[in-house]
Amino acid sequence: MSGDDRPIGMFDSGFGGLTVARALIDLLPDEHLVYLGDTGRYPYGSRPQAEVRHYAHQIAAHLVERYDVKLLIVACNTAAAAASVDELADAHGVPVIGVIEPGVRALVSATRNGRVGVIGTVGTIGSGAYQHAVAATDAQVQLSCAACPGFVEFVERGRTDGEEITVLAERLLAPVIDAKVDTLLLGCTHYPFLARVLSAVMGPDVVLVSSADETAFDVRTRLVGSSLARRPDGTPVRRSFVSSGDADQFAALGSRLLGPELTGVEHVTWPD
């Protein structure tokens, strides 16, 4: 029995969601996967929420109609803040998992002193999505948030360390350092690529929580033992990658960030 052989679909504004894809491939190696990086329109973080919501619905429709995905992962914190998982699920008829709630659950569980922080794009932090999600847990924590413009752009250029990034991180992380947080949620799927720098700036006593890893754990919980899970049948696993920008550039950088699973990239063009 092959179970549900349809692929899992996921999308991000660019390369950041590859952190979720990496964790998903490691946790669920038998599942087919389609990843769409909207590099032709990144970054999302500085765009109006209504515009990002439109992009999220457009991409969700494309993944459902073109690839018949069985489950959709919004692997972009800015998009997840602009378009709720319930909204996308109702509109496109598939289960949807976002990156906000899984990360928040891990954040409030990991803290020791009750002071927690979230960093994200300007759009994500400004939306209030994390503030509302933390409040919804009823956890007795003090939350500090910081927007980190510039981090995504470094990752999208393939730069994940160096003095320039360290100096920027020291400036942008100052509010959460001053708040004496002991746990920091990386509220953008691009940020795990910068984890070494972020950890060095925050110090050894601060736990970094990756929304990417926590989202992959949520997907595994949703699939394992359910009718949606694919049963291995000896046929090769299919992993497809799609970009709205330069496909060759996506393939070159994406393979460095993800690994050998990314061998080719399709191009998608959005209607005007």
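If I go through region 66-87 residue by residue, how many of them are part of a helix (DSSP H, G or I) and crowded, with 24+ Cβ neighbours inside 10 Å?
Counting residues in region 66-87 that are part of a helix (DSSP H, G or I) and crowded, with 24+ Cβ neighbours inside 10 Å gives 6.
Would you pick out the residues in region 219-238 that are crowded, with 20+ Cβ neighbours inside 10 Å and in contact with a helix residue (DSSP H, G or I) (Cβ under 7 Å, 6 or more places away or on another chain)?
Once the filter is applied, which keeps residues that are crowded, with 20+ Cβ neighbours inside 10 Å and in contact with a helix residue (DSSP H, G or I) (Cβ under 7 Å, 6 or more places away or on another chain), region 219-238 yields only Val219.
For Gln49, only one of the following conditions fails: (1) over 30 Å from Asp5 (Cβ atoms); (2) out of contact with any strand residue (DSSP E or B) (no Cβ under 6 Å at 6 or more places or on another chain); (3) surrounded by fewer than 24 Cβ atoms within 10 Å (Cβ to Cβ); (4) at pLDDT 95 or above. What is its number?
Looking at each condition in turn, Gln49 falls short on (4).
Go through region 88-127 and give me each residue that's small (Gly, Ala, Ser) and either surrounded by fewer than 16 Cβ atoms within 10 Å (Cβ to Cβ) or farther than 21 Å from Val20 by Cα (or both).
Ala91, Gly93, Ser109, Ala110, Gly114, Gly126, Ser127
Anything in region 97-119 that is more than 29 Å from Lys70 (Cβ to Cβ) and either among the charged types (D, E, K, R) or under 12 Å from the mean Cα position of the chain (by Cα) (or both)? List them, or say none.
Correct list: Arg112, Arg115.
Here is a list of conditions, (1) at pLDDT 95 or above; (2) over 22 Å from Val118 (Cα atoms), and Pro260 meets all of them except one; can you say which number that is?
Status for Pro260: all satisfied but (1).
Which count do you get for residues in region 101-146 that are among the β-branched types (Val, Ile, Thr), touching a Ser or Thr at 6+ places or on another chain (Cβ under 7 Å) and in contact (Cβ under 8 Å) with a residue 40 or more places away in the chain?
So the count comes out to 6.
The values are calculated or read from the model by the stated rules, or taken from the named source; none is laboratory data. Because the structure is a prediction, the values reported are computed rather than measured. Here the Cβ is made from the backbone with ideal geometry for all residues, glycine too, and neighbour counts use every protein chain on show.
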